[in-house]
Every structure is written in structure tokens, then in C-alpha cells.
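Have a look at the structure below before the remarks.
The values are calculated or read from the model by the stated rules, or taken from the named source; none is laboratory data. Predicted, not measured: the structure shown is a model, and the values here were computed from it. Glycine also receives a Cβ, built like all others from the backbone with ideal geometry; neighbour counts cover every protein chain displayed.
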Amino acid sequence: MQRTVLNRITAAARSGFRRYPRHLLHSVRDLSIFARSTHSSPPLFNVHGSHPLPAEQSPPPHPILGNFNTGSDDLSAIWIGHATVLLRIAGQTILTDPVFSNRIGVSLGRHTFGISRLAPPAVDPASLPPIDAVLLSHAHFDHLDKPSLLRLVNPRTTVITAPRTKGLIPHGFRSVVELPWEGRFRLGEIEITAMQPAHWGARTALDRRRGFNSYLLDSSGSTAFPPHRVLFAGDTAHTDSLDAAGGGALDLAIFGIGAYDPWENAHATPEQVWSMFTRLNQHGAAHLLPMHHSTFELSDEHRDEPMKRLLDAAGNEALRVVCRQIGQFWNMNGTPRS
């Protein structure tokens, strides 16, 4: 019984709870039976205490948040880990797909059954500057993490999310806005447009109608701030549906580069990401911030492989790849630094 439970949960967890949602539900049921019969839990489900990093992995650098000047007009970014990026654009501070939990998955009471981080987040939520908006791409557990959102609840913060996900958002935010594809929302001097990635949004086998988004942030019409355009792709396989974001000069594109083996139908390979990036306008976007790698073990490739393959694909244009390490800070008018 224990082996069956572990096999099911492991298969679900390694896929990011995407390919085997029914197996995951069966596993939770079986886990309950197993726990009652043995009065103990398998080591995989030990959710108490800390989960140390593998011996060969060093903690990420902790950025000096003073570098992230909330009074600056510069376009700035910090990769906090996985799909969580802290952005400063046109006077607004924006956080993408915030996941700060040490373990993600199904929560039953105080316990979470799922996978733990390979590397801690570079920033503690309590240290974040005031957040004007949270962007949520879709409802998968590694992108919409309820415990993390609870730590961010603030009456000044707007949450922008995909269709049919509003019910997953904790109460207490200023507002929760669901954007369909091509839907738009005005945040200060920024126009935020939802775009269609090649992915899907189901959180479990029972809610397959949930939406999934990429987002274009455009302050090019601002008279108070320098014009900038940023694409947050969220999760996507190789697609030309995001090419429309290149209708104007794009300063920064944020793409996931991991979890493609064997899930290439849902997550682009590094080479495919570079192709999408360079297609975004005549000369490609100015900079690429790669995310969705080296944080959780969601697939079969080694955690170091995505970045190596991306830099190989970039060749002599590799300097356009920024925030290569968790915790790295970057802005338009400077060089990456920790």
C-alpha cells in the first residue's frame, strides 16, 4: 500500500500536478487510508520542520532590496524563484505568480502534500516593498499558491488573474480582476493585456474550465514615466500566439525555460524559448529573464540543464539573458547584480 501511494504521489508531483490530476486525488484518498492503518506518514509527506537543500546546491543570493528603488523610474526586476518576479515599471510594483512556500501541493489542514523547494525564495514576503498588483497566470499549484497569497493580502493590492480563478484568491485584497484573452486593465500608467499562451489551467481533474494567461505590460503611452513594455509569458509551450506582443519595442520578456522533459507539449524547451523571444519584434526583445527552473523538481531534466541550453541557443547574444540566478537584480540602466 505504501509503495502504491508513493508512486502515485511522486508521479503527480513530478509532473507539477498537471498530467496526473486524477492520480493525485486517488493518492490523497489512499494516503488517508494508509495513515489510519499505520498511524504514521511516509517520509515524503513529512511537512514539519525544514527541508534542507541538496548538499551540492548553495542558497541563492539575497538581493539588497534597497537596489529595488520604489522611487525610481527605471524598469527593474528581481527573480525571486520559479515564476515569481518582482517588477518595477512606471511607478508600480508588481509581483508575478508569488510562491514562497517551502512545499507546494494539496493542503489538508496544516499539512501540505507535494514537492519541496530545491532552493529557497530570494526574498521573504515580509521584506517586500508595498505591492501594487499581483499577476497570476493560472491556477496550477506552482503558480497559484494560497498560503503565499495569504501572506500578501493587503487592501492596496490588486490581483489580476485568469478567468474562473477568482474563487481561489483569499479575501482582503483591494480587488480581484479576471482578464480573458485580449482583456485589458489599467494600473496607473500601465495597460495590462491578457494574452493566450499554449498551456492549460486546470487545478484538479474537476475544474478543467479554468483560464490561463500571459500578460503584456505597456507603459508606452505614459507622459509621467519612461515608456516600457514587458511580457510575462507564464507557462507556455512553443507558440506564435505571443508574437503580437512584439508590435512595439519590448524591453523585457519573462519566459519559463524548465519542466519540458517530457512535458514539451506544455513547457517550451530553452531553444524554443529563444526562438519565441527573438520573434517578438524585428530584433527580438531587448532582454530575456528566464524563470520556471532550478526551484522545484517538476520534470526529468537536471536543474542546471535549462540555463545551459538557453545560453547555448543564445550564442553571442547571451548578454541579453538577465537574472540568470535566483536573487539577481537587474534594471534597464545598469548591469545585473545581487
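Things worth noting here:
- Taking the listed residues LEU217, LEU206, LEU231, the one that is among the hydrophobic types (A, V, I, L, M, F, W, C) and modelled with pLDDT under 95 is LEU206, with no other qualifying.
- The criterion of at least 3 residues that are without any contact (Cβ under 8 Å) to a residue 40 or more places away in the chain is met by none of the strands (runs of 3 or more DSSP E) falling completely within segment 221-338.
- Selection count where residues are in contact with a strand residue (DSSP E or B) (Cβ under 9 Å, 6 or more places away or on another chain), of a type outside the set (S, T, N, Q) and surrounded by 16 or more Cβ atoms within 10 Å (Cβ to Cβ), scope segment 203-250: 22
- So THR295, is it touching a His at 6+ places or on another chain (Cβ under 7 Å), under 21 Å from VAL85 (Cβ atoms) and among the hydroxyl-bearing types (Ser, Thr, Tyr): yes
- Any chance LEU187 is modelled with pLDDT of 95 or more, under 24 Å from TRP330 (Cβ atoms) and more than 16 Å from the chain's Cα centre (by Cα): yes
- Subset tally (residues that are part of a helix (DSSP H, G or I), surrounded by fewer than 18 Cβ atoms within 10 Å (Cβ to Cβ) and among the hydrophobic types (A, V, I, L, M, F, W, C)) for segment 139-167: 1
- Looking only at segment 220-264, and only at residues there that are over 13 Å from the mean Cα position of the chain (by Cα) and acidic (Asp, Glu), the one that is nearest to GLU189 (Cα to Cα): ASP251
- Summed over segment 179-218, the residues that are closer than 17 Å to LYS146 by Cα and touching a helix residue (DSSP H, G or I) at 6+ places or on another chain (Cβ under 6 Å) give a count of 1.
- The residues listed here are SER101, SER72, SER107, SER116; of these, the one that is hydroxyl-bearing (Ser, Thr, Tyr), modelled with pLDDT under 95, surrounded by fewer than 24 Cβ atoms within 10 Å (Cβ to Cβ) and within 22 Å of CYS323 (Cα to Cα) is SER72.
- Residue within segment 214-234 that is over 30 Å from GLY71 (Cβ atoms) and of a type in the set (Asp, Glu) present: no
- If the condition is being assigned to a loop (DSSP other than H, G, I, E, B) and charged (D, E, K, R), then segment 168-200 contributes ARG174, GLU182, GLU189.
- A residue that is outside any helix (DSSP H, G or I), at pLDDT below 95 and under 29 Å from LEU216 (Cβ atoms) cannot be found anywhere in segment 77-90.
- Meets criteria (touching a His at 6+ places or on another chain (Cβ under 7 Å), crowded, with 16+ Cβ neighbours inside 10 Å and either within 22 Å of PRO98 (Cα to Cα) or assigned by TED's automatic domain parsing to the domain that holds PRO226 (or both)) for PRO306: yes
- The residues in segment 69-87 that are within 10 Å of ASN331 (Cβ to Cβ) and of a type in the set (Ser, Thr, Tyr) can be counted, and the count is 2.
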